[in-house]
Amino acid sequence: MADKTLNEIRNTFLKYFEKNDHQIVESSNLVPNNDPTLMFANSGMVQFKNVFTGLEKRDYVRATTSQKCVRAGGKHNDLENVGYTPRHHTFFEMLGNFSFGDYFKEQAIDYAWNLITKDFGIDKNRLYVTVFHEDDEAFNFWKKIAGFSDDRIIRIATSDNFWSMGETGPCGPCSEIFFDHGDHLHGGLPGTKDEDGDRFIEIWNLVFMQFEQVTKDKRINLPKPSVDTGMGLERIAALLQGTHDNYETDHFKKIINSASDIIKIKSDKSNLSSFRVIADHLRASSFLIAEGVLPSNEGRGYVLRRIMRRGMRHSHLLGAKDPVFSKLFDTLLNEMSGNYPELKRAESLIKETLKMEEEKFLVLLDRGIKILNDEISKIDKVLPGDIAFKLYETYGFPIDLTEDILKSKSLEFDKERFGELMRESIELARKNWKGSGDSAVEQVWYGVKEKYGATEFLGYENDQAQGVIKSLLKNHKEVDTLNEGDEGIIVVNQTPFYAESGGQVGDTGLISKDEFEFEVTDVQKKLVDLFVHYGKVKKGSIKLEQDVEMKINIEKRNDTRAYHSATHLLHESLRRVLGPHVTQKGSLVEPERLRFDFSHMKPISDDEMVKIESHVNDMISKQSDVTTRIMTPKEAVDNGALALFGEKYGDEVRVLSMGDEGEKYFSTELCGGTHVKNTGDIGKFKIISQSSIAAGVRRVEALRDKQLDDYLKNKEKMLNLSSEKDDEQINELSKQISDLGGKPNLDETDKKVLIKNLNKQLETLSVNSILQDQSKNKVNDLEVNGVKVRFQNVEDLPPKELRKLVDKGKKELGEGIVIVFASKDDKVGIAVGVTEKLTEKFDAVQFVKTGSEVIGGKGGGGRKDFAQAGGQDQSKINDAFEKIKSLI
Ligand code: SER
């Protein structure tokens, strides 16, 4: 029978355990959402961490998964080994079976033994196992089940046979299964000095989860002994396909062959490690980007960038001059999107990101090589460690490349100093890594949810409802009563209050009963579907199990709804105008405004902005009904619904469609939020600011209806006033505008962003008013040797604003040369613009150089069509102009 493909082997494993009463559970995300300390999921048990410790209950006690894992950064880090061994990966899939307090050692060994010897048909004579040295039980089960003689069951005393996920978390002794790939390969049995060779390879790790490491020094027993096993899919695929090299399996061969086609170089022994690196790093990068991790200089994004650049450096080594990864992605998509649809959903984002990063990196490589050559000309033999480090840290130039280049010239670098600087920088990075993912899950909620179950949400249809008090909390502890003046939390069996999620803020309102009144200031969701109402007792007191009336603040909710629907229209409009790579990276939907973050590499131009806004306003003016449908996530995606990367959806999802495009809806999106019934309810819409909040992530803020009217009214007043240059009133108004965003529940970062935007607007307004006033009077248009020349001398304008006047002048002249001087305080700036055609004859840089010498400055810089410089002597402006004129 032909060898099974990697995809088939995954399937056989999962089906085997399904047949044995295990629930097949989808892989969780690489970015863990239940652990603030872990960088990436590094094994199958991560998503079950709280199930092992008893904090979380699931409706099954046996599970099986194929888990996406990344081991780069963090406790388990294989990055530097990838390429140089047949087995290391940064990204891999871990097959596993799990028992949560159900079966234990004997059954786990039995399942494993049957699968590998029967279903996989592996020759028993080529298998060995290890057990933790004190674990007689496991030893005896292996004897009994596998019929092994004592010498095939090796006792290991080291941490190799004691598995832990990280510094803390569930852990326990383990038993590993090894396969003998044959004596043609070098290597010894586990526990011997040659154990790291290629001959005896670990294929499966059975962990007998018995403990929880609570802190570094404290280990406790788990409530029930459990099982966590892990088998690297790539390794078992290699074995079953008759090789010891994971990169020789069908899956990797396809990727490597297509890399070889793209780069146009055959893979052979001499370049094999580069091909391995490319194949592995393509997988890791694509899966991380699919979850919305983008290359950056910190945290997860930094690890991603290192992986990407390491891969790209190897494609460069193989001689690639153009980006390779974005093209290679198609092969991966073909191979893996069947099991991991997120690759398909994120296809354009992944390709775009890979391409951008590789283009950037190629430039960086060129620049690095230039700098390095320059430095080489200054040294005898040893390049200082500081320079190697600067190349690495500041220019992102890989150190192994520095080393390679030096080596080829029989030079070296000061490794000791470099190492010292590296350690300092790693230490700094470590300090800055505070962990992320959800904030540590507050333990109390597990108990509350366990007792009372999920809260039923009635708020799609109702603004008010009755409920029964299930739990009361004060200072995060459960209490029997809440009394007047107490701040606390109320959990009710059902609620009309929306809990913050999907960017939409929680509702506010009132929970009351007879004399009792509790003002709800926020609502949050815990453990997916437990709604908790935060607030303060205004009057009276309340006890457990009492009935209450619950009423949300309708006006606020209606405004929030409208902003949420506007967000959907905005999302789709951004995709239509900017491209399908636009994906939501975050959003905030409040009663007074919306904020939307999305992946896009450059600022939105004015033209694009107009188009985006008109798409949204068109859909609003069509006043069409908004529909909500419930579907399975698959149906939804098949229906073209936009799903958010990195979001986990339940068995059923709400699908929101809105906007009338004849046969079709304009926007269809998975969404649990609350929405308007008709797009007309949104009211006029406008984007009021855009900014960049991280590499490749942009933020827009928008207003609608009443807030937009207020904003526009204030802005108009400001414009009028700014021409009168009444600073005091400008300030007064800018304060009013900033109050618009200065709500007490706005967080500090948001406030800062808003204030920054307002300041920018204010500055533009004041500068504009100067530009308009002064440019009218001080323009002198003339003709010199048949060329149109504008001379302009403006006072009180910061030199950095010169470009605007030059651009304006160029536009007004059509063809010609614009020479502008601006003075403020005791500085003069000069800028010269030459329209495109004339750059064949004239050079703005030359003009500026000449001019700035006269006004006592020097140099300056720019291009043929625009250049700028500074100087001191305002009295020489006319002379400078005459001198420039003489060059025309
Ligand atoms: N957690 C163990 C491992 O990663 C078994 O799944 O090896």
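The values are calculated or read from the model by the stated rules, or taken from the named source; none is laboratory data. None of the values given here were measured: they were computed from a predicted structure. Note that each Cβ is placed from the backbone with ideal geometry, even for glycine, and that neighbours are counted across all protein chains shown.
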If we ask which residues in segment 533-557 are touching a residue at least 60 places away in the same chain (Cβ under 8 Å) and under 19 Å from Gly503 (Cβ atoms), their number turns out to be 2
If Thr117 passes every condition in (1) within 14 Å of the ligand (Cβ to nearest atom); (2) of a type in the set (Ser, Thr, Tyr); (3) surrounded by fewer than 20 Cβ atoms within 10 Å (Cβ to Cβ) but one, which one does it miss?
-> (1)
Okay, strands (runs of 3 or more DSSP E) sitting entirely in segment 653-717 with 2 or more residues that are under 23 Å from Asp606 (Cα atoms), touching a residue at least 40 places away in the same chain (Cβ under 8 Å) and of a type in the set (Lys, Arg), I get 697-704
Just wondering, is there one or more residues in segment 624-638 that are part of a loop (DSSP other than H, G, I, E, B) and closer than 30 Å to Thr521 by Cβ?
-> yes
Of the residues in segment 551-593 that are among the basic types (Lys, Arg) and more than 12 Å from Arg704 (Cα to Cα), the one that is nearest to the chain's Cα centre (by Cα) is Lys585
Just checking, how many residues over segment 453-503 are of a type in the set (D, E, K, R) and assigned to a loop (DSSP other than H, G, I, E, B)?
-> 6
Would you be able to tell me the number of residues in segment 444-491 that are among the charged types (D, E, K, R) and within 16 Å of Phe518 (Cα to Cα)?
-> 6
When every residue in segment 783-842 that is closer than 13 Å to Ile888 by Cα and of a type in the set (S, T, N, Q) is compared, the one farthest from the chain's Cα centre (by Cα) is Asn785
How do the pairs read when you match residues in segment 42-64 that are in contact (Cβ under 8 Å) with a residue 12 or more places away in the chain and of a type in the set (Val, Ile, Thr) with residues anywhere that are away from the ligand (no atom under 12 Å from the Cβ) and not in a strand (DSSP E or B), using Cβ under 6 Å and keeping only pairs 6 or more apart or on different chains?
-> Val46/Pro32; Val51/Arg58; Val51/Phe100; Val61/Phe100; Val61/Asp102; Thr64/Leu14; Thr64/Phe17; Thr64/His22
Filter segment 462-500 for residues that are surrounded by fewer than 17 Cβ atoms within 10 Å (Cβ to Cβ) and under 34 Å from the mean Cα position of the chain (by Cα) and give the result.
-> Asn475, His476, Glu500
Filter result for Glu167 (over 17 Å from Ala112 (Cα atoms), without any contact (Cβ under 8 Å) to a residue 12 or more places away in the chain and part of a loop (DSSP other than H, G, I, E, B)) | no
Considering each residue of segment 122-164, count those that are more than 16 Å from the ligand (Cβ to nearest atom), farther than 25 Å from Lys218 by Cα and outside any loop (DSSP other than H, G, I, E, B), and give that number.
-> 19
Conditions (1) closer than 28 Å to Thr674 by Cα; (2) modelled with pLDDT under 70; number of the one not met by Gly435 | (1)
State the number of residues belonging to segment 520-533 that are part of a strand (DSSP E or B) and surrounded by fewer than 18 Cβ atoms within 10 Å (Cβ to Cβ).
-> 3
So which of Leu222, Leu233 ends up being within 16 Å of the ligand (Cβ to nearest atom), touching an Asp or Glu at 6+ places or on another chain (Cβ under 6 Å) and modelled with pLDDT under 90?
-> Leu222
Across segment 130-162, what is the number of residues that are closer than 20 Å to Ile236 by Cα and at pLDDT below 90?
-> 1
Just one of the numbered conditions (1) more than 13 Å from the ligand (Cβ to nearest atom); (2) aliphatic (A, V, I, L, M); (3) at pLDDT 95 or above is not true of Val227; which one?
-> (1)
Candidates Lys15, Lys68, Lys49 - the one that is of a type in the set (Lys, Arg), crowded, with 17+ Cβ neighbours inside 10 Å and modelled with pLDDT of 95 or more | Lys68
Sort out for me the helices (runs of 4 or more DSSP H) sitting completely within segment 769-888 that have 2 or more residues that are over 30 Å from Lys715 (Cα atoms) and either in contact with a Lys or Arg (Cβ under 9 Å, 6 or more places away or on another chain) or not hydroxyl-bearing (Ser, Thr, Tyr) (or both).
-> 844-854, 877-885
Out of all the residues in segment 248-255, is one or more within 16 Å of the ligand (Cβ to nearest atom), within 31 Å of the chain's Cα centre (by Cα) and among the hydrophobic types (A, V, I, L, M, F, W, C)?
-> no
For Met631, all conditions in the list (1) of a type in the set (A, V, I, L, M); (2) surrounded by fewer than 17 Cβ atoms within 10 Å (Cβ to Cβ); (3) at pLDDT 90 or above; (4) over 13 Å from Val700 (Cβ atoms) hold save one; what is the number of the exception?
-> (3)
If you go through segment 95-106 one residue at a time, do you hit one that is among the acidic types (Asp, Glu) and not in a helix (DSSP H, G or I)?
-> yes
Determine the pairs where a residue that is within 15 Å of Thr168 (Cβ to Cβ) and in contact (Cβ under 8 Å) with a residue 12 or more places away in the chain, located within segment 213-228, has a partner that is charged (D, E, K, R) and within 16 Å of the ligand (Cβ to nearest atom) with Cβ atoms under 6 Å apart, the partner being 6 or more residues away or on another chain.
-> Leu222/Glu212
Enumeration of residues in segment 506-550 that are over 37 Å from the mean Cα position of the chain (by Cα) and among the β-branched types (Val, Ile, Thr) | Ile511, Val537, Ile542, Val548
Would you mind finding the one in Lys49, Lys19, Lys57, Lys4 that is more than 16 Å from the ligand (Cβ to nearest atom), under 30 Å from the mean Cα position of the chain (by Cα) and not β-branched (Val, Ile, Thr)?
-> Lys57
Criterion violated by Ile9 - all others in (1) within 13 Å of the ligand (Cβ to nearest atom); (2) aliphatic (A, V, I, L, M); (3) touching a helix residue (DSSP H, G or I) at 6+ places or on another chain (Cβ under 9 Å) satisfied = (1)
How many residues does segment 170-199 hold that are in a strand (DSSP E or B), under 19 Å from Phe139 (Cβ atoms) and of a type outside the set (S, T, N, Q)?
-> 6
Output the residues belonging to segment 71-95 that are of a type in the set (S, T, N, Q), under 22 Å from the mean Cα position of the chain (by Cα) and surrounded by fewer than 24 Cβ atoms within 10 Å (Cβ to Cβ).
-> Asn77
Filtering segment 192-219 down to residues that are within 16 Å of the ligand (Cβ to nearest atom), out of contact with any Leu (no Cβ under 7 Å at 6 or more places or on another chain) and at pLDDT 90 or above yields Ile201, Glu202, Trp204, Asn205, Leu206, Val207, Phe208
Of the conditions (1) within 14 Å of the ligand (Cβ to nearest atom); (2) in a strand (DSSP E or B), the single one that His89 does not satisfy is (2)
